[in-house]
Amino acid sequence: MAMAELPAAQAAVLADVRALAQRAPRVCVLSGAGMSAESGIPTFRDAMTGLWSRFDPAQLASEEGFRADPARVWAWYAERRAGLHAAQPNAGHRAVAAFGRRRPGVLTVVTQNVDDLHQRAGWPDTIRLHGDILADRWLEPCPHGRACAPAQARPGQPPACADCGNLLRPDVVWFGEMLPAGAIDAAERAARGCALLLVVGTSGAVWPAAGLAGVARRSGARVAIVNPHASDIDDDAHWVLRGTAADLLPRLLDA
Ligand code: OAD
């Protein structure tokens, strides 16, 4: 497919970011939902197409929402899981993974995405800040101090422990919850230690992930954003590239 030509100022930015990516001793990629948009996974905050324009995060992405209507939340995640199973990594995921393999020891990928598309593209060590939509965990520690075990599946309901009734829930971070132990520390270390932070496809609206651009910049890294639209953290960036992940990442990262 022919590549669209960039306006001259953007082409110059692209050349600068590319030059740094190819020589930087450490590069960190921070991805958000826009990274997977061209794989057909909906983002959260894009007008019209974003999940939060159609669904209420308080009902579908919080522990209170799950407790109020477990079947509804379980069904919503089942639908998103099915969408992910049908999706493939796009050229952006593939460019990131190929870059990392070509330059061993250089790349850290930190993602806010709960999909597995960076991993499937060939970057298994991706740091997941918001969990894994394909995994489950128990809602509560077992009240009897034993290991819970799911009973027979109940149609339309999340699996429950045969013994204590504990429910399985998706292993993602919901609003009001802490990030997985270790993940944000590892991400901050990567942001502090890199020479280039490439921020791809995030609105920069959700913390602490959004703070990583500032962390990197204050630690002396150059920060570049890839996003077709403005984001809340554009002011933290030295460079902003207006375009999509699948189009721009191969141009930035391919050999
Ligand atoms: P958002 O939906 O908030 O933002 C998506 C961003 O991707 C927007 O800035 C878009 O402009 C941009 N975008 C859209 N298409 C793109 C493309 N093809 N290439 C590059 N960029 C594109 O998603 P996040 O910032 O990831 O939390 O949202 C952060 C968190 O909020 C998510 O991880 C999720 C959500 O609630 C949890 O699941 C805990």
Report the equivalent ellipsoid semi-axes for the chain in whole Å, largest first, defined as the square roots of five times the eigenvalues of the gyration tensor built from alpha carbon atoms. 35, 19, 16
Net charge within 14 Å of Asp69 by Cβ-Cβ distance, Lys/Arg positive one each and Asp/Glu negative one each, not counting Asp69 itself? 0
Ellipticity estimate at 222 nm from DSSP helix runs (n ≥ 4, -39,500 (n - 2.57)) divided over the chain, nearest 500: -10500 deg cm²/dmol
Could I get the Rg over Rh figure for segment 30-155? Both from C-alpha atoms, Rh via Kirkwood, rounded to two places. 1.03
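Residues with beta-carbon under 9 Å from that of Val114, excluding Val114: net charge, scoring Lys, Arg +1 and Asp, Glu -1?
Working: positive: Arg80, Arg128; negative: Asp115, Asp116, Asp132, Asp171.
With Lys, Arg at +1 and Asp, Glu at -1, the neighbours total -2.
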Can you give the local net charge around Pro158? Use residues other than it whose beta-carbon is closer than 12 angstrom to its beta-carbon, Lys and Arg +1, Asp and Glu -1. +3
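No value in this document is a laboratory result; all are computed from the given coordinates. Fair warning: this is a prediction, and the values are worked out from it, not measured in the lab. Cβ sites come from the backbone with ideal geometry, for glycine too, and all protein chains shown count toward neighbours.
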